[in-house]
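Trainee: Dropping a structure here in structure tokens format, bear with me for questions.
Read-outs throughout are calculated quantities, based only on the coordinates presented, and are distinct from any laboratory measurement. Everything numeric here is computed off the predicted structure, so don't read it as measured data. All Cβ positions, even for glycine, are placed from backbone atoms using ideal geometry, and neighbour counts span all protein chains on display.
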Amino acid sequence: MLHRIEGDLHMEQVSLRKIAETHGTPSFVYSEGAITAAYQAFHDAFSMHPHRICYAVKANSNLAILQTLAALGSGFDIVSGGELARVLRAGGDPGSVVFSGVGKQDWEILFALEQHISCFNVESASELRRIARLAATTDAIAPISIRVNPDVDPNTHPYISTGLKENKFGVSVEDAMTLYQEAAGLDSLKIVGVDCHIGSQITELTPFLDALTRVLSLVDELEAQAITLEHIDLGGGIGVQYRDEVPIEIGHFASAIVQAMSGRPQSLMFEPGRMIVANAGVLLTTVNTLKSNNEKNFAVVDAAMNDLIRPALYSAWQEVTPVTLKDDGASPERHWDIVGPICETGDFLAKDRMLSLEEDDLLAILSAGAYGFVMSSNYNSRPRSAEVLVSGQEHYCVRKRETIEDLFALESMKPVS
């Protein structure tokens, strides 16, 4: 996906310097080929068992990326009505959509019922009754699964751990049995599956297998109560390599999961996001100012925490590399903190990186395809970045850079008397 030609970094067959010259910086740039390859690898790994991949829209919701995945036959995991609208606009099949999230609002549930989505992943007794009531008022039957919290430690960052008792997601295995029994008695609900998601950026197989073991025990108990399931949803969370992580090999993951299923008839469902798009994207940024305070060297770039918040929010590490390698005689390498212009000490994109830098240099921040633009904001009244999709020798602006006028397009002044 990324390679150099005569010192210039290219994505597929397109120069990243050319993209920066055409679209400016900061800009997020995505490889359609890398997204396709990651999706296909996951899909092919489970060819021995009925399955559906539902891409987690929250990882990167750009319409062109959703369009690419829809064309591959992907389903979609959504957490809001807005994400459902995006999937529909991009040509996604609503019958392959699962709706997760702890706080579904009435209008979102009604919208999803109207579109005949595949399944609601229910996260509480209150939500179960809300969905049942709204379905009944519209003469609909809502397909549901219960999201089970198996109390498994995924050994990841606490902010992206979702399967422990102290997390807000899902219900306990014990409470799930009670909810399934209640759902079985409601005419406006149809039980179709069970859902489990334990966290994100997981690099060990054991937590997945522990979670599946607990889910399968629940499935057996449900069958003893004459409650049968069509699918088992194991969520997403498979980690990627940002630095020195060793991700789970997808073939090994698939083999272990299918073996643990022991010939059970339920289809499998997965909700990968990060592993599909993270390493398919980069953030291009230009060095604006170089400064030193005698203790630290700072490279102030035109991207900031409002563009890429992961380093500030999670202390996440992402590789930074020059787009163009320099000839001999360039500035000596030094330790640099790569920081943005926002008025916060926490506004950094990378710390203590050994680089040879000069003002106006173009840098690429790697592994920026997931939880990059989707988490961006207009803090400090900064327009959000452009997004560009590369496909072979072509590149397309798939989201225009915001303008200053865009920042207050929805605002109004108070009346002047």
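Trainee: Between LYS190 and GLU114, what is the FRET efficiency for a Förster distance of 25 Å, r being their Cβ-Cβ separation, to the nearest 0.05?
Mentor: With R0 = 25 Å, the Cβ-Cβ based efficiency is 0.95.
Trainee: Among TYR55, TYR39, what is the fewest-to-most ranking by other Cβ atoms within 10 Å?
Mentor: Listing TYR55, TYR39 from fewest to most nearby Cβ atoms yields TYR39, TYR55.
Trainee: Suppose each label sits 7 Å from its Cα in the direction of the beta carbon; what would the GLN40-LEU205 distance come out to in nanometres?
Mentor: In this crude spin-label approximation the distance works out to 2.5 nm.
Trainee: Kindly provide the helix-only [θ] at 222 nm of the chain, computed as the sum of -39,500 (n - 2.57) over DSSP H runs of four or more divided by all residues, to the nearest 500 deg cm²/dmol?
Mentor: -8500 deg cm²/dmol
Trainee: Can you give the local net charge around GLY273? Use residues other than it whose beta-carbon is closer than 12 angstrom to its beta-carbon, Lys and Arg +1, Asp and Glu -1.
Mentor: That sum, taken over residues with Cβ under 12 Å, equals -1.
Trainee: What's the exposure ranking of THR324, THR285, THR213, going from fewest to most Cβ atoms within 10 Å?
Mentor: In order of increasing Cβ crowding within 10 Å: THR213, THR324, THR285.
Trainee: Still on this structure: Please list, ordered by chain and number, the residues whose modelled amide H lies under 5 Å from the amide H of ARG4; skip anything fewer than 5 residues away on the same chain.
Mentor: Those qualifying (amide H under 5 Å, at least 5 residues apart or on another chain) are HIS10.
Trainee: Sticking with this one: Given a Förster distance of 30 angstrom, what is the FRET efficiency for ILE5 paired with THR403, based on the Cβ-Cβ distance and rounded to 0.05?
Mentor: Using R0 = 30 Å, I get an efficiency of 0.35.
Trainee: Less than 15 Å from a label point 7 Å out along the Cα-to-Cβ axis of THR178: which backbone N atoms in the range 199-218 qualify, by residue?
Mentor: None, by backbone N distance to the label point.
Trainee: Please list, by residue number, everything in the range 349-367 whose backbone N is under 16 Å from a paramagnetic label point 7 Å out along Cα→Cβ of ASN293.
Mentor: 349-352
Trainee: Using 15 Å as the cut-off for backbone N distance, which residues of the range 373-417 belong to the label zone defined by a point 7 Å from the Cα of ALA85 along Cα→Cβ?
Mentor: Backbone N within reach: 410.
Trainee: At 0.36 nm per residue, and after removing the present C-alpha to C-alpha distance, how many nm does the segment from SER126 to GLU221 gain when stretched out fully?
Mentor: This chain segment gains 31.9 nm when fully extended.
Trainee: Taking the number of other C-beta atoms within 10 Å as the exposure measure, put LYS414, LYS190 in order starting with the fewest.
Mentor: Lowest to highest Cβ neighbour count: LYS414, LYS190.
Trainee: If you count the DSSP beta bridges with both ends in the range 101-270, what percent of them are antiparallel, to the nearest 5?
Mentor: Antiparallel bridges: around 5 percent, rounded to the nearest 5.
Trainee: Over the range 33-80, what relative contact order in percent results from Cα pairs under 8 Å that are six or more residues apart?
Mentor: Taking the mean separation of contacting Cα pairs over the length of the range 33-80, I get 45 percent.
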